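I have placed the structure first, in the form of structure tokens, so that the comments after it can refer back to it.
None of the figures in this text is laboratory data; all of them are computed from the coordinates on show. Predicted model only: the values in this text are computed from it and were never measured. Here Cβ is always computed from backbone atoms with ideal geometry, including for glycine, and neighbour counts include all displayed protein chains.
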Amino acid sequence: MKVILLQNIAGLGQKDDIKDVSEGYAMNMLIPRKMAKFASSGDIKQIQNTKNKKLKNSELLQNKVHKLLNQIDGKNIIINAKSNDKGHLFAQIHAKEIADSIGELGFDISEDWVVLEKPIKEIGKFSIKISAYKKSITVKLEIK
């Protein structure tokens with residue numbers, strides 16, 4: 001019997017998956033507990049159309065992000081920060097500050113895309129990796 005899962009079920013599948021399960025399992029376990037519903041042909045087509053739209057939208061978003069990353073690739077970013085005489089910063093530079101500095105150049109990126117092993121704690125020049133949707137680029141960061 002084909003059912004549409006209404007929630008994630010361990011060992012069976014994710015929400016909105018179409019699964020073929022035994023009739024007893026569907027009628028005695030899944031449907032009464034509102035974990036699944038009977039899959040009519042109309043429901044199956046509707047779910048497939050929704051999944052296709054989500055896939056198309058994610059591909060468009062991925063292409064848009066890749067174009068943005070290509071524009072940012074190799075850019076020089078300068079952040080002015082207060083430091084002591086030895087060049088140690090009073091406040092660490094985190095991914096958010098780097099993303100905000102790139103935003104000031106006119107490229108709006110998420111701080112989640114900035115890959116930092118640890119916060120930057122001193123003055124100098126750094127190569128920063130930016131990664132999103134399986135594409136990575138490098139920008140040059142100078143802390144003054």
Q. Only one of ALA81, ALA91 is within 19 Å of LYS144 (Cα to Cα), without any contact (Cβ under 8 Å) to a residue 24 or more places away in the chain and not in a helix (DSSP H, G or I); which?
A. ALA91
**Q.** Hits in region 94-118 - residues which are among the polar types (S, T, N, Q) and assigned to a helix (DSSP H, G or I)
**A.** SER101
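Look through region 49-73, keep the residues that are more than 30 Å from ALA99 (Cβ to Cβ) and in contact (Cβ under 8 Å) with a residue 24 or more places away in the chain, and return whichever of them is surrounded by the fewest Cβ atoms within 10 Å (Cβ to Cβ). Spell out how you get there, then give the answer.
The first filter runs over region 49-73 and keeps only residues more than 30 Å from ALA99 (Cβ to Cβ), leaving 49-52.
Now drop any that are not in contact (Cβ under 8 Å) with a residue 24 or more places away in the chain, which leaves 50-51.
Working: THR50: 11, LYS51: 13.
So the residue we want is THR50.
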Q: Could you tell me whether LYS121 is free of Cβ contacts under 8 Å to residues at least 60 places away in the same chain, outside any loop (DSSP other than H, G, I, E, B) and not aromatic (Phe, Trp, Tyr)?
A: yes
Q.
For region 1-35: of the residues being free of Cβ contacts under 8 Å to residues at least 24 places away in the same chain and within 18 Å of ASN49 (Cβ to Cβ), which is farthest from the chain's Cα centre (by Cα)?
A. ASP17
